[in-house]
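Enquirer: Before anything else, here's the structure in question.
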Amino acid sequence: MIRAYPGRASVLPGERLVLRVATDSARFRVHFYRWHDGFEAMHSSPWQPGERARERGAGDDWDWPPYEFPVPAHWRSGVYIAHLEEADGKLPLSLALASAAALFVVRGRRHGGMLYKLPLSTWHACNLSGGGCFQRNPPASSDPPGARVSLQRPGGGIGGQAWGAPDYYDTTSARHSFAHWDARFIRWLARQGYTPEFCTDLDIDADPGLALRYRLLVAAGNDEYWTAPARAAVEDFIAAGGNAAWFAARLCWWRVHLVDGRFLVCHQGGTRGACAHDRWWPTTGAGRPEDRLGGVSHRHGGSWRDGPRQTGGFIVQQPEHWVFAGTGLRRGAVFGADTWPPLAGYACDGVPLDAFERTGGRALLSAWADEDGTPDGYQLLAACPLDCRWQDLPARARHAAGEGVHTAALGLFQRGGTVFAAGTSDWAQVLADGRDRTVERITRNVLDRLLLLH
(Lines give C-alpha, C1' and ligand atoms only; values in the text may rest on other atoms or scores of the structure.)
Protein backbone atom coordinates (compact mmCIF):
# COMPACT_ATOMS: atom_id res chain seq x y z
CA MET A 1 0.00 0.00 0.00
CA ILE A 2 1.30 3.45 -0.88
CA ARG A 3 -0.49 6.79 -0.82
CA ALA A 4 0.54 10.44 -0.88
CA TYR A 5 -0.59 14.05 -0.89
CA PRO A 6 1.22 17.33 -1.65
CA GLY A 7 2.10 19.66 1.19
CA ARG A 8 1.10 22.49 -1.18
CA ALA A 9 -0.91 21.66 -4.25
CA SER A 10 0.89 24.14 -6.52
CA VAL A 11 4.46 25.25 -7.07
CA LEU A 12 6.44 27.46 -9.44
CA PRO A 13 9.17 26.12 -11.72
CA GLY A 14 12.45 26.04 -9.80
CA GLU A 15 10.75 25.51 -6.43
CA ARG A 16 10.61 22.27 -4.46
CA LEU A 17 7.56 20.05 -4.23
CA VAL A 18 6.91 18.40 -0.87
CA LEU A 19 5.08 15.09 -1.11
CA ARG A 20 3.83 13.46 2.07
CA VAL A 21 4.05 9.70 1.54
CA ALA A 22 3.08 6.63 3.56
CA THR A 23 3.99 3.12 2.43
CA ASP A 24 4.53 -0.33 3.89
CA SER A 25 7.31 -0.92 1.36
CA ALA A 26 10.98 -0.50 2.27
CA ARG A 27 11.46 1.88 -0.62
CA PHE A 28 9.52 3.73 -3.32
CA ARG A 29 10.03 6.17 -6.14
CA VAL A 30 7.92 8.74 -7.94
CA HIS A 31 7.22 9.08 -11.65
CA PHE A 32 6.10 12.55 -12.67
CA TYR A 33 3.70 13.15 -15.56
CA ARG A 34 2.16 16.28 -17.04
CA TRP A 35 -1.46 15.94 -18.12
CA HIS A 36 -1.77 17.42 -21.61
CA ASP A 37 -3.07 15.36 -24.53
CA GLY A 38 -2.84 12.39 -22.18
CA PHE A 39 0.12 11.60 -19.91
CA GLU A 40 3.43 13.22 -20.80
CA ALA A 41 6.35 11.60 -18.93
CA MET A 42 8.56 14.22 -17.26
CA HIS A 43 10.88 12.63 -14.70
CA SER A 44 11.43 9.62 -12.41
CA SER A 45 12.96 10.10 -8.99
CA PRO A 46 15.64 7.95 -7.36
CA TRP A 47 14.46 5.33 -4.91
CA GLN A 48 13.43 6.75 -1.53
CA PRO A 49 13.32 5.01 1.87
CA GLY A 50 9.72 4.17 2.72
CA GLU A 51 7.97 4.87 6.03
CA ARG A 52 4.68 3.74 7.45
CA ALA A 53 2.14 6.27 8.73
CA ARG A 54 -1.36 5.92 10.04
CA GLU A 55 -4.54 7.35 8.59
CA ARG A 56 -6.28 10.10 10.51
CA GLY A 57 -9.67 11.79 10.45
CA ALA A 58 -11.08 13.90 7.64
CA GLY A 59 -10.61 17.08 9.66
CA ASP A 60 -7.01 16.35 10.74
CA ASP A 61 -3.57 17.13 9.38
CA TRP A 62 -2.32 13.63 8.54
CA ASP A 63 1.30 14.77 9.00
CA TRP A 64 2.83 12.00 6.90
CA PRO A 65 6.61 11.83 6.29
CA PRO A 66 7.77 14.60 3.90
CA TYR A 67 9.87 14.03 0.79
CA GLU A 68 11.20 16.94 -1.27
CA PHE A 69 11.56 16.87 -5.05
CA PRO A 70 12.97 19.72 -7.18
CA VAL A 71 10.68 21.13 -9.85
CA PRO A 72 12.89 21.86 -12.89
CA ALA A 73 12.89 25.44 -14.08
CA HIS A 74 11.98 24.35 -17.61
CA TRP A 75 8.75 22.56 -16.63
CA ARG A 76 5.79 24.24 -18.29
CA SER A 77 2.72 25.29 -16.38
CA GLY A 78 0.28 22.42 -16.17
CA VAL A 79 -1.46 19.79 -14.08
CA TYR A 80 1.01 17.17 -12.91
CA ILE A 81 0.49 13.68 -11.54
CA ALA A 82 3.00 12.14 -9.13
CA HIS A 83 2.62 8.39 -9.70
CA LEU A 84 4.01 6.19 -6.94
CA GLU A 85 5.93 2.94 -7.35
CA GLU A 86 6.80 0.54 -4.53
CA ALA A 87 9.77 -1.83 -4.57
CA ASP A 88 7.61 -4.85 -5.42
CA GLY A 89 6.06 -3.34 -8.54
CA LYS A 90 4.49 -0.34 -10.22
CA LEU A 91 0.71 -0.02 -10.18
CA PRO A 92 -0.98 0.89 -13.49
CA LEU A 93 -0.85 4.56 -14.43
CA SER A 94 -4.35 6.06 -14.59
CA LEU A 95 -6.48 8.99 -13.49
CA ALA A 96 -8.66 6.71 -11.37
CA LEU A 97 -9.49 8.47 -8.13
CA ALA A 98 -8.12 5.66 -5.95
CA SER A 99 -4.85 5.25 -7.89
CA ALA A 100 -1.49 5.55 -6.14
CA ALA A 101 -0.96 9.15 -7.14
CA ALA A 102 -1.07 12.78 -6.05
CA LEU A 103 -2.02 15.82 -8.12
CA PHE A 104 -0.29 19.18 -8.12
CA VAL A 105 -0.10 22.25 -10.36
CA VAL A 106 2.96 23.97 -11.75
CA ARG A 107 2.01 27.61 -12.15
CA GLY A 108 3.38 29.97 -14.78
CA ARG A 109 4.64 33.54 -14.97
CA ARG A 110 3.17 34.57 -18.30
CA HIS A 111 1.31 37.84 -18.87
CA GLY A 112 -1.75 37.57 -21.10
CA GLY A 113 -3.50 34.50 -22.44
CA MET A 114 -5.63 31.97 -20.61
CA LEU A 115 -5.53 30.92 -16.95
CA TYR A 116 -7.29 27.64 -16.17
CA LYS A 117 -8.49 27.33 -12.56
CA LEU A 118 -8.84 23.95 -10.82
CA PRO A 119 -11.52 23.60 -8.07
CA LEU A 120 -9.30 22.28 -5.28
CA SER A 121 -11.72 23.44 -2.56
CA THR A 122 -14.59 21.53 -4.16
CA TRP A 123 -12.52 18.37 -4.51
CA HIS A 124 -11.59 18.46 -0.84
CA ALA A 125 -15.14 19.36 0.21
CA CYS A 126 -16.16 16.01 -1.31
CA ASN A 127 -12.99 14.07 -0.36
CA LEU A 128 -13.88 11.07 1.85
CA SER A 129 -10.33 10.20 2.92
CA GLY A 130 -10.48 9.85 6.68
CA GLY A 131 -14.14 8.85 6.64
CA GLY A 132 -15.90 12.17 6.13
CA CYS A 133 -16.44 15.32 4.08
CA PHE A 134 -18.90 18.20 4.03
CA GLN A 135 -21.64 15.88 2.72
CA ARG A 136 -21.05 12.82 4.92
CA ASN A 137 -19.92 12.55 8.55
CA PRO A 138 -18.65 16.15 8.55
CA PRO A 139 -16.02 16.82 11.24
CA ALA A 140 -17.07 19.70 13.47
CA SER A 141 -15.31 23.04 13.83
CA SER A 142 -16.01 25.66 16.46
CA ASP A 143 -13.83 28.51 15.20
CA PRO A 144 -15.23 29.37 12.75
CA PRO A 145 -18.37 27.28 13.32
CA GLY A 146 -19.27 24.65 10.76
CA ALA A 147 -17.68 21.53 9.35
CA ARG A 148 -13.92 21.21 8.83
CA VAL A 149 -12.03 19.19 6.24
CA SER A 150 -8.29 18.95 5.84
CA LEU A 151 -6.21 19.78 2.79
CA GLN A 152 -3.42 17.67 4.31
CA ARG A 153 -4.67 14.20 3.38
CA PRO A 154 -4.80 12.00 0.29
CA GLY A 155 -7.37 13.00 -2.30
CA GLY A 156 -8.08 16.37 -3.81
CA GLY A 157 -8.63 15.31 -7.40
CA ILE A 158 -6.82 11.97 -7.32
CA GLY A 159 -5.43 9.48 -4.80
CA GLY A 160 -8.40 9.27 -2.45
CA GLN A 161 -12.14 8.70 -2.32
CA ALA A 162 -15.03 10.97 -3.23
CA TRP A 163 -18.60 11.40 -2.01
CA GLY A 164 -21.46 10.81 -4.40
CA ALA A 165 -23.22 8.14 -6.40
CA PRO A 166 -21.58 6.90 -9.63
CA ASP A 167 -22.44 8.91 -12.72
CA TYR A 168 -24.87 6.99 -14.93
CA TYR A 169 -23.06 8.19 -18.05
CA ASP A 170 -19.51 7.62 -16.82
CA THR A 171 -18.88 5.05 -14.11
CA THR A 172 -15.11 5.18 -14.75
CA SER A 173 -14.56 8.41 -12.81
CA ALA A 174 -16.11 9.95 -9.73
CA ARG A 175 -17.81 13.28 -10.32
CA HIS A 176 -15.69 15.19 -7.82
CA SER A 177 -12.36 14.18 -9.28
CA PHE A 178 -9.88 15.57 -11.78
CA ALA A 179 -10.69 12.86 -14.34
CA HIS A 180 -14.41 13.52 -14.59
CA TRP A 181 -14.52 17.05 -16.02
CA ASP A 182 -11.20 18.92 -15.91
CA ALA A 183 -8.98 16.27 -17.48
CA ARG A 184 -11.35 16.05 -20.43
CA PHE A 185 -11.50 19.81 -20.94
CA ILE A 186 -7.73 20.21 -20.65
CA ARG A 187 -7.14 17.43 -23.16
CA TRP A 188 -9.54 19.10 -25.60
CA LEU A 189 -7.71 22.42 -25.15
CA ALA A 190 -4.40 20.70 -25.93
CA ARG A 191 -5.76 19.07 -29.07
CA GLN A 192 -7.13 22.40 -30.29
CA GLY A 193 -3.79 24.16 -29.80
CA TYR A 194 -4.70 26.29 -26.75
CA THR A 195 -1.87 26.83 -24.26
CA PRO A 196 -3.33 27.87 -20.91
CA GLU A 197 -1.41 28.28 -17.71
CA PHE A 198 -2.85 26.70 -14.58
CA CYS A 199 -3.64 27.46 -10.95
CA THR A 200 -5.94 26.28 -8.18
CA ASP A 201 -8.67 28.35 -6.58
CA LEU A 202 -6.55 28.56 -3.44
CA ASP A 203 -3.72 30.12 -5.43
CA ILE A 204 -6.07 32.99 -6.24
CA ASP A 205 -7.03 33.14 -2.55
CA ALA A 206 -3.34 33.48 -1.62
CA ASP A 207 -2.44 35.89 -4.45
CA PRO A 208 -5.35 38.19 -5.34
CA GLY A 209 -3.35 39.68 -8.20
CA LEU A 210 -2.70 36.35 -9.90
CA ALA A 211 -5.60 36.47 -12.38
CA LEU A 212 -4.83 40.09 -13.28
CA ARG A 213 -1.82 38.92 -15.29
CA TYR A 214 -4.09 37.06 -17.72
CA ARG A 215 -6.77 37.96 -20.23
CA LEU A 216 -9.16 35.04 -19.70
CA LEU A 217 -10.02 32.90 -16.67
CA VAL A 218 -11.58 29.48 -17.39
CA ALA A 219 -13.13 26.79 -15.21
CA ALA A 220 -15.14 23.65 -15.95
CA GLY A 221 -17.27 21.02 -14.21
CA ASN A 222 -18.52 21.56 -10.68
CA ASP A 223 -17.04 24.77 -9.23
CA GLU A 224 -19.03 24.93 -6.03
CA TYR A 225 -16.90 26.01 -3.04
CA TRP A 226 -15.23 29.44 -3.01
CA THR A 227 -13.38 31.40 -0.35
CA ALA A 228 -14.29 35.07 0.04
CA PRO A 229 -10.77 36.27 -0.94
CA ALA A 230 -10.81 34.14 -4.11
CA ARG A 231 -14.23 35.45 -5.10
CA ALA A 232 -13.22 39.06 -4.42
CA ALA A 233 -10.06 38.63 -6.48
CA VAL A 234 -11.98 37.19 -9.46
CA GLU A 235 -14.58 39.97 -9.28
CA ASP A 236 -11.76 42.55 -9.20
CA PHE A 237 -10.17 40.85 -12.21
CA ILE A 238 -13.44 41.11 -14.16
CA ALA A 239 -14.03 44.71 -13.07
CA ALA A 240 -10.55 45.58 -14.35
CA GLY A 241 -11.41 44.23 -17.80
CA GLY A 242 -10.53 40.56 -17.43
CA ASN A 243 -12.80 37.99 -19.08
CA ALA A 244 -14.17 34.76 -17.60
CA ALA A 245 -15.66 31.63 -19.15
CA TRP A 246 -17.47 29.26 -16.80
CA PHE A 247 -18.12 25.89 -18.48
CA ALA A 248 -19.42 24.78 -15.11
CA ALA A 249 -22.37 24.71 -12.72
CA ARG A 250 -23.14 25.22 -9.06
CA LEU A 251 -20.80 28.12 -9.56
CA CYS A 252 -19.86 29.72 -6.22
CA TRP A 253 -22.71 27.91 -4.41
CA TRP A 254 -21.00 27.66 -0.98
CA ARG A 255 -18.58 29.94 0.84
CA VAL A 256 -15.64 28.25 2.58
CA HIS A 257 -13.10 29.61 5.04
CA LEU A 258 -9.41 28.71 4.71
CA VAL A 259 -7.93 28.15 8.17
CA ASP A 260 -4.16 28.06 8.79
CA GLY A 261 -3.64 27.25 5.13
CA ARG A 262 -4.45 23.60 5.90
CA PHE A 263 -8.19 23.33 6.53
CA LEU A 264 -11.48 24.38 4.96
CA VAL A 265 -14.53 25.22 7.09
CA CYS A 266 -18.10 25.58 5.81
CA HIS A 267 -21.33 26.14 7.77
CA GLN A 268 -23.93 24.32 5.67
CA GLY A 269 -26.65 23.96 8.29
CA GLY A 270 -28.98 20.94 8.30
CA THR A 271 -29.74 18.45 5.57
CA ARG A 272 -31.82 21.05 3.72
CA GLY A 273 -29.41 23.89 4.33
CA ALA A 274 -31.44 25.42 7.17
CA CYS A 275 -29.54 28.25 8.89
CA ALA A 276 -26.72 27.74 6.40
CA HIS A 277 -24.53 30.73 7.19
CA ASP A 278 -22.18 29.94 4.32
CA ARG A 279 -24.62 30.12 1.44
CA TRP A 280 -23.65 33.10 -0.65
CA TRP A 281 -27.05 34.53 -1.50
CA PRO A 282 -29.42 34.81 1.51
CA THR A 283 -29.30 37.67 3.97
CA THR A 284 -28.78 35.03 6.69
CA GLY A 285 -25.67 33.90 4.81
CA ALA A 286 -23.01 35.91 3.01
CA GLY A 287 -25.57 38.22 1.38
CA ARG A 288 -23.67 38.26 -1.92
CA PRO A 289 -25.73 36.43 -4.56
CA GLU A 290 -23.58 34.07 -6.62
CA ASP A 291 -25.35 35.31 -9.78
CA ARG A 292 -23.22 38.44 -9.66
CA LEU A 293 -20.14 36.35 -10.47
CA GLY A 294 -21.42 34.27 -13.38
CA GLY A 295 -24.85 35.68 -14.19
CA VAL A 296 -26.50 32.36 -13.23
CA SER A 297 -27.29 30.44 -10.06
CA HIS A 298 -28.14 26.89 -9.04
CA ARG A 299 -31.17 28.44 -7.28
CA HIS A 300 -32.74 28.82 -10.73
CA GLY A 301 -31.41 25.52 -12.07
CA GLY A 302 -31.40 22.00 -10.73
CA SER A 303 -29.63 18.65 -10.51
CA TRP A 304 -30.18 15.09 -11.70
CA ARG A 305 -28.12 12.90 -9.42
CA ASP A 306 -28.95 9.34 -10.45
CA GLY A 307 -30.07 7.47 -13.56
CA PRO A 308 -30.58 8.61 -17.17
CA ARG A 309 -31.47 12.28 -17.50
CA GLN A 310 -34.51 13.43 -19.46
CA THR A 311 -33.97 16.77 -21.15
CA GLY A 312 -35.16 18.59 -24.25
CA GLY A 313 -31.82 20.30 -24.86
CA PHE A 314 -30.83 23.96 -25.07
CA ILE A 315 -33.24 26.19 -27.02
CA VAL A 316 -31.59 29.07 -28.89
CA GLN A 317 -32.88 32.56 -28.08
CA GLN A 318 -30.43 34.89 -29.87
CA PRO A 319 -28.99 33.05 -32.90
CA GLU A 320 -27.43 36.24 -34.30
CA HIS A 321 -25.06 36.54 -31.33
CA TRP A 322 -21.33 35.94 -31.95
CA VAL A 323 -21.41 32.96 -29.55
CA PHE A 324 -23.38 31.07 -32.24
CA ALA A 325 -21.31 32.20 -35.24
CA GLY A 326 -20.80 29.34 -37.68
CA THR A 327 -23.31 27.01 -36.01
CA GLY A 328 -26.18 27.61 -38.45
CA LEU A 329 -28.63 27.67 -35.52
CA ARG A 330 -31.89 29.61 -35.73
CA ARG A 331 -34.17 30.95 -33.02
CA GLY A 332 -35.94 28.05 -31.34
CA ALA A 333 -33.38 25.50 -32.60
CA VAL A 334 -32.27 22.86 -30.10
CA PHE A 335 -28.79 21.53 -29.37
CA GLY A 336 -27.38 19.19 -26.73
CA ALA A 337 -30.50 17.02 -26.43
CA ASP A 338 -29.19 13.82 -28.02
CA THR A 339 -25.60 13.85 -26.80
CA TRP A 340 -24.13 11.29 -24.40
CA PRO A 341 -24.42 12.52 -21.73
CA PRO A 342 -27.13 15.15 -22.31
CA LEU A 343 -25.62 18.63 -22.30
CA ALA A 344 -27.90 19.67 -19.43
CA GLY A 345 -25.79 17.99 -16.80
CA TYR A 346 -25.65 16.53 -13.34
CA ALA A 347 -25.83 20.13 -12.11
CA CYS A 348 -27.37 23.11 -13.92
CA ASP A 349 -27.43 26.85 -13.20
CA GLY A 350 -30.16 29.14 -14.48
CA VAL A 351 -31.65 32.64 -14.44
CA PRO A 352 -34.98 33.68 -12.88
CA LEU A 353 -37.40 32.89 -15.71
CA ASP A 354 -41.09 33.38 -15.05
CA ALA A 355 -42.46 31.70 -18.15
CA PHE A 356 -41.79 30.08 -21.51
CA GLU A 357 -44.11 30.05 -24.50
CA ARG A 358 -44.25 26.83 -26.48
CA THR A 359 -44.77 27.26 -30.22
CA GLY A 360 -44.76 24.33 -32.60
CA GLY A 361 -43.12 22.12 -30.01
CA ARG A 362 -40.39 24.68 -29.28
CA ALA A 363 -39.91 26.63 -26.07
CA LEU A 364 -39.25 30.30 -26.69
CA LEU A 365 -38.32 32.78 -24.01
CA SER A 366 -41.28 34.92 -22.99
CA ALA A 367 -40.24 36.92 -19.94
CA TRP A 368 -37.95 36.73 -16.97
CA ALA A 369 -38.15 38.48 -13.68
CA ASP A 370 -35.58 41.05 -12.66
CA GLU A 371 -34.08 39.92 -9.38
CA ASP A 372 -31.28 41.02 -7.14
CA GLY A 373 -28.21 39.05 -8.18
CA THR A 374 -28.78 38.86 -11.93
CA PRO A 375 -26.27 41.31 -13.47
CA ASP A 376 -27.53 44.30 -15.43
CA GLY A 377 -27.35 43.60 -19.13
CA TYR A 378 -27.29 39.81 -18.79
CA GLN A 379 -28.10 38.24 -22.18
CA LEU A 380 -29.83 34.87 -22.22
CA LEU A 381 -28.61 33.13 -25.38
CA ALA A 382 -30.06 29.64 -24.87
CA ALA A 383 -31.88 27.76 -22.13
CA CYS A 384 -32.86 24.21 -21.30
CA PRO A 385 -36.04 23.97 -19.17
CA LEU A 386 -35.81 21.54 -16.26
CA ASP A 387 -39.19 19.98 -15.52
CA CYS A 388 -40.54 18.38 -12.35
CA ARG A 389 -38.78 15.09 -13.08
CA TRP A 390 -35.47 16.68 -12.13
CA GLN A 391 -34.43 15.34 -8.76
CA ASP A 392 -33.29 18.61 -7.19
CA LEU A 393 -34.96 21.93 -7.95
CA PRO A 394 -33.59 24.33 -5.32
CA ALA A 395 -35.78 27.01 -3.77
CA ARG A 396 -35.71 30.33 -5.58
CA ALA A 397 -35.83 33.74 -3.99
CA ARG A 398 -39.38 34.30 -5.34
CA HIS A 399 -40.60 30.72 -5.51
CA ALA A 400 -40.72 27.65 -3.31
CA ALA A 401 -38.64 24.62 -4.31
CA GLY A 402 -39.86 23.21 -7.62
CA GLU A 403 -41.95 26.26 -8.52
CA GLY A 404 -41.33 28.72 -11.34
CA VAL A 405 -39.29 27.78 -14.40
CA HIS A 406 -35.95 26.17 -13.65
CA THR A 407 -33.40 26.00 -16.45
CA ALA A 408 -29.84 25.48 -17.49
CA ALA A 409 -29.05 28.92 -18.90
CA LEU A 410 -26.31 29.81 -21.37
CA GLY A 411 -25.54 33.50 -21.52
CA LEU A 412 -23.17 36.34 -20.77
CA PHE A 413 -22.83 39.89 -19.47
CA GLN A 414 -20.26 42.67 -19.32
CA ARG A 415 -18.99 44.28 -16.15
CA GLY A 416 -15.61 45.67 -17.08
CA GLY A 417 -14.74 42.36 -18.76
CA THR A 418 -17.06 39.86 -20.41
CA VAL A 419 -18.37 36.87 -18.44
CA PHE A 420 -19.76 33.77 -20.17
CA ALA A 421 -21.50 30.93 -18.33
CA ALA A 422 -22.64 27.69 -19.95
CA GLY A 423 -24.99 26.82 -17.07
CA THR A 424 -24.15 23.09 -16.96
CA SER A 425 -21.56 20.88 -15.31
CA ASP A 426 -21.29 18.40 -18.18
CA TRP A 427 -20.14 20.72 -20.96
CA ALA A 428 -16.65 19.19 -20.75
CA GLN A 429 -17.92 15.64 -21.23
CA VAL A 430 -19.92 16.52 -24.35
CA LEU A 431 -17.03 18.60 -25.68
CA ALA A 432 -14.19 16.19 -24.99
CA ASP A 433 -14.71 13.51 -27.61
CA GLY A 434 -16.13 15.69 -30.36
CA ARG A 435 -19.63 14.41 -29.66
CA ASP A 436 -21.36 17.60 -30.77
CA ARG A 437 -20.04 20.04 -33.36
CA THR A 438 -22.26 22.84 -32.07
CA VAL A 439 -20.79 22.56 -28.58
CA GLU A 440 -17.28 22.57 -30.05
CA ARG A 441 -17.96 25.63 -32.19
CA ILE A 442 -19.52 27.57 -29.31
CA THR A 443 -16.53 26.73 -27.12
CA ARG A 444 -14.05 27.94 -29.72
CA ASN A 445 -16.11 31.08 -30.33
CA VAL A 446 -16.12 31.92 -26.62
CA LEU A 447 -12.43 31.21 -26.01
CA ASP A 448 -11.18 32.94 -29.15
CA ARG A 449 -13.31 36.04 -28.65
CA LEU A 450 -12.51 36.42 -24.95
CA LEU A 451 -8.79 35.87 -25.49
CA LEU A 452 -8.83 38.86 -27.84
CA LEU A 453 -11.04 41.16 -25.79
CA HIS A 454 -9.35 43.29 -23.15
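The values are calculated or read from the model by the stated rules, or taken from the named source; none is laboratory data. Given the structure is predicted, the values throughout are model-derived calculations rather than measurements. Don't worry about glycine lacking a Cβ; one is built from the backbone with ideal geometry, like all the others, and counts go over all protein chains shown. The protein model used for the area step is the full one, side chains on, heavy atoms only, and it has no ligands, DNA or RNA in it. Shrake-Rupley method; radii C 1.70, N 1.55, O 1.52, S 1.80 Å.
Enquirer: Multiplying the sequence separation of Arg52 and Gln391 by 0.36 nm and subtracting their Cα-Cα distance, what value in nm do you get?
Expert: Details: separation 339, 0.36 × 339 = 122.04 nm, distance 4.39 nm.
The span from Arg52 to Gln391 would gain 117.7 nm if fully extended.
Enquirer: What does the charge count near Ala344 come to, summing +1 for each Lys or Arg and -1 for each Asp or Glu among other residues with Cβ under 9 Å from its Cβ?
Expert: Charge balance in the 9 Å sphere: 0.
Enquirer: Distances over 14 Å make up what percent of all Cα-Cα pairs in the stretch 155-236?
Expert: Working: 2294 of 3321 pairs.
Summing the P(r) of the stretch 155-236 above 14 Å gives 69 percent of all pairs.
Enquirer: Right, next: With the Cα gyration tensor of the stretch 1-160 in hand, convert its eigenvalues to equivalent ellipsoid semi-axes via √(5λ) and list them largest first in whole Å. Could you put the intermediate results ahead of the total?
Expert: Numbers: eigenvalues 124, 92, 37 Å².
Semi-axes, largest first: 25, 21, 14 Å.
Enquirer: Considering only C-alpha atoms, what is the centroid distance from the stretch 182-238 to the stretch 76-103, in Å?
Expert: Taking the Cα centre of the stretch 76-103 as reference, the centre of the stretch 182-238 is 24 Å away.
Enquirer: Over the Cα atoms of the stretch 101-259, each weighted equally, I'd like the Debye log10 I(q)/I(0) at q = 0.19 Å⁻¹, rounded to two decimals.
Expert: Debye curve over Cα of the stretch 101-259, log10 I(q)/I(0) at q = 0.19 Å⁻¹: -1.26.
Enquirer: So for Met1, Met42, Met114, what's the accessible-area order with a 1.4 Å probe, most first? Intermediate values should be presented prior to the final figure.
Expert: Details: Met1 105, Met42 50, Met114 5 Å².
Largest to smallest exposure gives the sequence Met1, Met42, Met114.
Enquirer: Charges at C-beta only: +1 for Lys and Arg, -1 for Asp and Glu. How large is the resulting dipole of the chain about its Cα centre, in Debye rounded to 20? It would help to have the intermediate numbers written out before the result.
Expert: Numbers: 49 positive and 48 negative charges, 102 e Å.
That gives a dipole near 500 debye.
Enquirer: What is the chain's relative contact order, in percent, from Cα pairs under 8 angstrom and six or more apart in sequence? Write out the running numbers ahead of the final one.
Expert: Working: 1216 pairs, mean separation 64.8, N = 454.
Here the relative contact order equals 14 percent.
Enquirer: Now, a different point. Computed over the Cα atoms of the stretch 212-258, what is the convex hull's projected area averaged over all directions, in nm²?
Expert: Value for the stretch 212-258: 3.2 nm².
Enquirer: Remind me, what semi-axes does the stretch 200-346 give for its equivalent ellipsoid, largest first in whole Å, using sqrt of 5 times each Cα gyration tensor eigenvalue? Don't skip to the answer; put the middle values down first.
Expert: Working: eigenvalues 177, 94, 36 Å².
Output for the stretch 200-346: semi-axes of 30, 22, 13 Å.
Enquirer: Using a probe radius of 1.4 Å on heavy atoms only, what accessible surface per residue do you get for the chain? Whole Å² is fine.
Expert: That works out to 37 Å² per residue.
Enquirer: Could you give each residue of the stretch 324-334 its phi-based ³J(HN,Hα) in whole Hz, using Karplus coefficients 6.51, -1.76, 1.60 with θ = phi - 60°, and x for Gly or Pro?
Expert: Running phi through 6.51 cos²θ - 1.76 cosθ + 1.60 with θ = phi - 60° gives 9, 4, x, 8, x, 6, 10, 4, x, 5, 10 Hz.
Enquirer: If you rank Arg415, Arg191, Arg175, Arg110 by how much accessible surface each has, with a 1.4 Å probe, what is the order from largest down?
Expert: Details: Arg415 110, Arg191 130, Arg175 20, Arg110 75 Å².
So, going from the largest accessible area down, we get Arg191, Arg415, Arg110, Arg175.
Enquirer: Please tell me the relative contact order of the stretch 152-297 in percent, rounded to the nearest whole number, where contacts are Cα pairs under 8 Å and at least six residues apart.
Expert: Details: 203 pairs, mean separation 21.5, N = 146.
Dividing the mean separation by the residue count of the stretch 152-297 yields 15 percent.
Enquirer: Please compute the length gained on full extension between Asp143 and Leu93, using 0.36 nm multiplied by the number of residues separating them and subtracting their Cα-Cα distance.
Expert: Values: separation 50, 0.36 × 50 = 18.00 nm, distance 4.03 nm.
Taking 0.36 nm per residue and subtracting the Cα distance, the gain is 14.0 nm.
Enquirer: Can you give the convex hull volume per residue for the Cα atoms of the chain, as a whole number of Å³? Working shown, then result.
Expert: Details: hull volume 57.7 nm³, N = 454.
Cα-based convex hull of the chain, divided per residue, equals 127 Å³.
Enquirer: Calculate the spin-label point distance for Arg331 paired with Ala240, positioning each point 7 Å from the Cα along the beta-carbon direction, and give it in nanometres.
Expert: Result: 4.0 nm between the two label points.
Enquirer: Tell me the net charge near Arg56. Cut-off is 10 Å between Cβ atoms, Arg56 excluded, with +1 for each Lys or Arg and -1 for each Asp or Glu. The partial results should precede the final answer.
Expert: Details: positive: Arg54, Arg153; negative: Glu55, Asp60, Asp61, Asp63.
Computed value for this residue: -2.
Enquirer: Around Ser425, what is the net charge, scoring Lys/Arg as +1 and Asp/Glu as -1 over all other residues with Cβ under 14 Å from its Cβ? Write out the running numbers ahead of the final one.
Expert: On the way: positive: Arg175, Arg184, Arg250, Arg305, Arg309; negative: Asp167, Asp170, Asp182, Asp223, Glu224, Asp349, Asp392, Asp426.
Overall, the nearby charge balance is -3.
Enquirer: Tell me which of Ala101, Gly131, Leu386 sits at the most positive position along the dipole axis of the chain, charges placed on C-beta atoms (Lys, Arg +1; Asp, Glu -1).
Expert: Selected residue: Ala101.
Enquirer: Roughly how many percent of the accessible protein surface of the chain is carbon and sulfur, given a 1.4 Å probe and a whole-percent answer? Intermediate results must be reported in sequence, preceding the final value.
Expert: On the way: 8100 of 16940 Å².
Taking all protein chains in place, the chain shows 48 percent carbon and sulfur surface.
Enquirer: So, in nm, how far is label His277 from label Arg16 when the simple model puts each one 7 Å beyond its Cα toward the Cβ?
Expert: Each label point is offset 7 Å from its Cα along the Cβ direction, giving 4.0 nm.
Enquirer: Something else: Quote to one decimal, in nm, the extra length available between Leu453 and Glu40 on full extension: 0.36 nm per residue of separation minus the C-alpha distance between them. Kindly include the intermediate steps, with their values, before the conclusion.
Expert: On the way: separation 413, 0.36 × 413 = 148.68 nm, distance 3.19 nm.
145.5 nm is the gain from fully extending Leu453 to Glu40.
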